[in-house]
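Participant: For reference, the structure I am asking about is given below.
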Amino acid sequence: MFQLTPFITCVVFLLLLLVSLSTPIIKGIFFLRLSAASSSTLLNSSARNSVTFGVWGYCASGEDIRIFGINHDAAKNCSGRHLGYTFDDTLQTTLVSKALTASLSLHPIAAVLTFILFLISLFILRRNNHVALQSLSLIQFGIGILAAIITTIALLVDCIVVDAARRTISGHIVTVTWGNAVWMTLVAAILLWAVKLEAMTRILTRRQRHDAALR
């Protein structure tokens, strides 16, 4: 399991990196999607529109309008790429705006910490000095706990935001769905805590062996 730590931390880093580069940079990765649809049997018409939210902004898909069986698609519209974005007149979801903006900065921070954790795990594999190994292991453990806590907090906030949006905004016209970025953050949090649990078990085992050798 110890030898797998660099691989696991690398996987976690890639997951958090993809989440941090979500909509509008990588449009296929998002936290939350709001979908609206309406139809009329009189003119055999329908209209569909959706908005996806990511770390650096949001993207509103062009309206898919169908009249008399003929499609008329509008152009897609994305916000500017910056942290702490605000909404224009296209979106009137103040609840989602404030909550998402407050929590999104946690994902890039967790990604940076996990990358540092990955580098330290590589250094540990190459070190033979016992004192250096102990120092690096302590640093790795501290940064790993911090990364796991921040990732977990980010996940909890994401879940609260999506759930609040589902209870507040969702209706017969507007549908709120979970984004894949939430599930990616969940996997990252589980893997980080698994690595930390293994590290704690390893430390306790070493201490028990050391105490047994002194008796």
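Participant: At 7 Å along Cα-to-Cβ for each site, give me the label-to-label distance between residue 156 and residue 81 in nm.
Facilitator: Spacing of the two 7 Å Cα→Cβ label points: 3.2 nm.
Participant: Amide H neighbours of residue 32 under 5 Å, at least 5 residues apart or on other chains, H built in the peptide plane: list them.
Facilitator: So residue 32 has HN proximity to 53, 179.
Participant: Please list, in order along the stretch 155-164, the HN-Hα scalar couplings obtained from phi with the Karplus expression 6.51 cos²θ - 1.76 cosθ + 1.60 (θ = phi - 60°), rounded to whole Hz, x for Gly and Pro.
Facilitator: Here the 3J(HN,Hα) series is 5, 4, 5, 4, 5, 5, 5, 5, 5, 5 Hz.
Participant: Amide H to amide H, which residues 5 or more places from residue 25 or on other chains are under 5 Å from it, using H placed in the peptide plane?
Facilitator: Result for residue 25 returns 56.
Participant: For the stretch 137-207, which whole percent of the accessible surface, found with a 1.4 angstrom probe, sits on carbon and sulfur atoms?
Facilitator: On the stretch 137-207, the fraction of accessible area on carbon and sulfur atoms equals 76 percent.
Participant: Here's something else I'd like to know. Suppose each label sits 7 Å from its Cα in the direction of the beta carbon; what would the residue 164-residue 145 distance come out to in nanometres?
Facilitator: 3.0 nm
Participant: Taking 0.36 nm per intervening residue step and subtracting the Cα-Cα distance, what contour gain separates residue 136 from residue 209 on full extension?
Facilitator: Going from the current span to full extension adds 24.2 nm.
Participant: Next up: Can you tell me the length gained on complete extension of the stretch residue 112 to residue 194, counting 0.36 nm per residue apart and subtracting the Cα distance?
Facilitator: Separation in residues times 0.36 nm, less the Cα-Cα distance, equals 27.6 nm.
The values are calculated or read from the model by the stated rules, or taken from the named source; none is laboratory data. All values reported here derive from a predicted model rather than from experimental measurement. Don't worry about glycine lacking a Cβ; one is built from the backbone with ideal geometry, like all the others, and counts go over all protein chains shown. Accessible surface is based on the protein model in full, side chains and every heavy atom, while ligands, DNA and RNA are left aside. Shrake-Rupley method; radii C 1.70, N 1.55, O 1.52, S 1.80 Å.
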